[in-house]
Each structure stands twice: as structure tokens, then as C-alpha cells.
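*Asks:* One structure, as C-alpha cells, below. Some questions next.
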Ligand code: GRF
């Protein structure tokens, strides 16, 4: 299964996927890493010899024009699956429609709780005893697509956004690696795109 990963940040989830895919027994390969800015995580692609590309959001006058260029890059790559892993941009409906349901996203909360760009901060602010991590199919809402995997994670007294996010990320990575594996083996059928028991 060929996978293109899109990031905006440190790419720690990307790195975990690169490391998993480094094992010949893992049934998926990362074929490219794209970013909407000069993301630190692109260094992981370089380290693993995976092509990286940047479509700088700030150089485009509209989200649609930015997404058209991103779409052209993805059309060239023709990945079997697109993984959004810390991409801090909403994809326009046209791009989602072009690739649906072969776009999945990792989110650091127990969706549908705390969707959006600040899931960790919002959970902390809500004072909930537990939050979670989720892997979903991207649809044209904000973190509203079918849930493929998710797991509860405790919020501990004294947690900051950083300490909580650092507890969530390893769970996200494990869920992501498992979901990509299950998509590659056909255990998850994205066309049916709903939670499929492990
Ligand atoms: C991850 O928690 C992801 O779910 C969220 O942003 C974070 C990105 O972290 N959207 P990294 O760039 O993979 O380290």
C-alpha cells in the first residue's frame, strides 16, 4: 500500500510510521511526505530517503489555489492512501471529494469529543478526567468522519497541554500504524468506512 503523509509540524507520528514501514514485513510504504510549510517533520523524510515536498500555504492567495497545487502533487504521486498527521489545515471539499475515503487523519482526542485544531487544550480546559486519541476517515467536516480506531487516555492532575499531548501522541502513533496496516491487509475496508472491530 503506497501512503502519502501530510504534515505541518514536528512529524512525530510520521516518524513512527516511517519506522514501522522500514520493516519489510509491514504491508505499507510511505512514498512521499508533503507539508503546507517548511515543517520540521520533513527532516524525518530526508533521513529515511523519502521524497518530501512543500506547498507553502502562505504563498497562495486562497485555500482553494493552495489545495489545487497540493492536489496536483497528489495526482502525480497517486498514493493508495493519504494520511494527515498533524496537518494543521482544513482541506477544501473538492480535494476531499477527489480522494475520499482514502484520506485518514489522526486526532489527539476521543472524537466526537473535542474536534478541531486544539483538541488537547480543549480537553484540558474542560477538566475531563480522560480524553483520548482517534484515527478517522476525513470527510468534509472538521474531524467528523467515520472513526476507524480510538482509545481513552487519562488526564492527570497537573497536566499541561504539553504533558497531556506527550501522553496522547504515543497512543496516536500505535493506532495509526495499526490502522494503516489493517487498511493495507484489507482488514479495514475504507469503502465501508465505519469502525470495524479489530
Ligand atoms: C498530533 O497529535 C496530531 O494528531 C495533531 O497534531 C499533532 C501533530 O504532532 N493533529 P506531530 O507533528 O506528529 O508530532
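All of the numbers you see were taken from the coordinates with simple rules; none came from a lab. All figures in this text were calculated on a predicted structure; none of them were measured in a lab. In this analysis, Cβ positions are derived from the backbone assuming ideal geometry, glycine residues included, and neighbour counts consider all displayed protein chains.
*Asks:* Would you please classify the overall shape of the stretch 67-157 from the alpha carbon gyration tensor, given that a ≥ b ≥ c denote the square roots of the eigenvalues, rounded means a/c under 1.5, and beyond that prolate means a/b larger than b/c while oblate covers the rest?
*Replies:* Here the stretch 67-157 falls in the prolate category.
*Asks:* A further question follows. Find the centroid of the Cα atoms in the stretch 131-163 and in the stretch 13-87, then give the distance between the two in whole Å.
*Replies:* 21
*Asks:* Also, quick follow-up: From the helices alone, meaning DSSP H stretches of at least four residues, give me the mean residue ellipticity at 222 nm for the chain, per-run term -39500 (n - 2.57), in deg cm²/dmol to the nearest 500.
*Replies:* The per-residue figure over the chain is -11000 deg cm²/dmol.
*Asks:* What are the extents of the Cα atoms of the stretch 12-69 along their three principal axes, in Å, largest first?
*Replies:* 43, 20, 17 Å, listed from the longest principal axis down.
*Asks:* Among 3, 31, which comes first, then next, by fewest other beta-carbon atoms within 10 Å? Provide the component values of the computation, followed by the final result.
*Replies:* Numbers: 3 23, 31 18.
Ranked by crowding around the Cβ, least crowded first: 31, 3.
*Asks:* Enter the per residue convex hull volume of the chain, computed from alpha-carbon coordinates, in Å³ rounded to the nearest integer.
*Replies:* So the per-residue Cα hull volume is 114 Å³.
*Asks:* Quote to one decimal, in nm, the extra length available between residue 166 and residue 97 on full extension: 0.36 nm per residue of separation minus the C-alpha distance between them.
*Replies:* Value of the extension gain: 21.6 nm.
*Asks:* Same structure, new question: Would you kindly calculate the translational diffusion coefficient of the stretch 1-112, applying Stokes-Einstein with the Kirkwood radius from alpha carbon pairs, for 37 °C and a viscosity of 0.692 mPa s, and quote it in µm² s⁻¹ without decimals?
*Replies:* 232
*Asks:* What area, in nm² and to one decimal, does the C-alpha convex hull of the stretch 119-198 cast on average over all directions?
*Replies:* For the stretch 119-198, averaging the hull's shadow over all directions gives 5.6 nm².
*Asks:* Principal axis lengths of the stretch 35-97 from Cα atoms, whole Å, largest first?
*Replies:* 32, 27, 19
*Asks:* Quote the relative contact order of the stretch 51-198 in percent (integer), defining contacts as alpha-carbon pairs under 8 Å separated by 6+ residues. Intermediate results must be reported in sequence, preceding the final value.
*Replies:* Numbers: 208 pairs, mean separation 28.0, N = 148.
Relative contact order of the stretch 51-198: 19 percent.
*Asks:* Now for a different question. When 185, 131, 10 are ordered from fewest to most other Cβ atoms inside 10 Å of their Cβ, what list results?
*Replies:* Ordered from fewest to most neighbouring Cβ atoms within 10 Å, 185, 131, 10 come out as 185, 10, 131.
*Asks:* Moving on. Counting other beta carbons within 10 Å of each Cβ, put 118, 107 in order, fewest first. Don't skip to the end; give the middle numbers.
*Replies:* Details: 118 14, 107 25.
With the fewest neighbours first, 118, 107 line up as 118, 107.
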